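Nothing in this text is a laboratory measurement; each read-out follows from the coordinates by a stated rule. It should be emphasised that the depicted structure is a prediction, and the values quoted were computed from it without experimental measurement. Virtual Cβ from ideal backbone geometry, glycine too; neighbours counted across all protein chains shown.
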Amino acid sequence: MKQVLWINSCMRGAGQSRTLELCRTFLEELRVRRPGLKVAERDLTRAELPVMTAELSRRREELAAEGREDPLLLPAREMARADLVVVGAPYWDLGFPAALKVYLEWACTLGIINTHCVAAQGLDIRGNDPEAILREAQERAARLAAEI
């Protein structure tokens, strides 16, 4: 493995996003175990991708068929180049951030064989210990980084 694509959709940012902390734990452990690994971050907190429409979809297909380079093809190309894709996606309000959904529409790339999920669930439920839940998820993330 040489190239990791980290899709950061942690909208609350450093100091507030526990999902961001979890991703950083995983990526740090991965870097320790794989010296020379390149991690490219796609920061969706600053994303300016338009919502996919029929016209934009048609245009993207034309550009791909012609083999041309264009910003509309960048998400699909960067995902196809990656050996591993790490998606930092908080789950709130019964869904993931809209920017992630838009990005995934643009990055539609077939051929993804394996997926893994490390989640810290129940962080905001009264009576739960969010720090303990996050620590346990970070331990799982570190183990996964050692295994892949």
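Filtered by the rule that a residue be out of contact with any strand residue (DSSP E or B) (no Cβ under 8 Å at 6 or more places or on another chain), buried (at least 17 other Cβ atoms within 10 Å of the Cβ) and hydrophobic (A, V, I, L, M, F, W, C), the range 42-75 gives 47, 49, 72, 73. Considered as a group, the residues in the range 120-148 that are more than 19 Å from the chain's Cα centre (by Cα) and assigned to a loop (DSSP other than H, G, I, E, B) include one that is surrounded by the most Cβ atoms within 10 Å (Cβ to Cβ), and that residue is 123. Against the conditions (1) under 16 Å from the mean Cα position of the chain (by Cα); (2) exposed (fewer than 13 other Cβ atoms within 10 Å of the Cβ); (3) among the hydroxyl-bearing types (Ser, Thr, Tyr), residue 103 satisfies every one except (2). From the list 12, 42, the lone residue that is under 22 Å from residue 102 (Cβ atoms) and more than 10 Å from the chain's Cα centre (by Cα) is 12. No other residue among 34, 24, 77, 126 is basic (Lys, Arg) and in contact (Cβ under 8 Å) with a residue 24 or more places away in the chain apart from 34.
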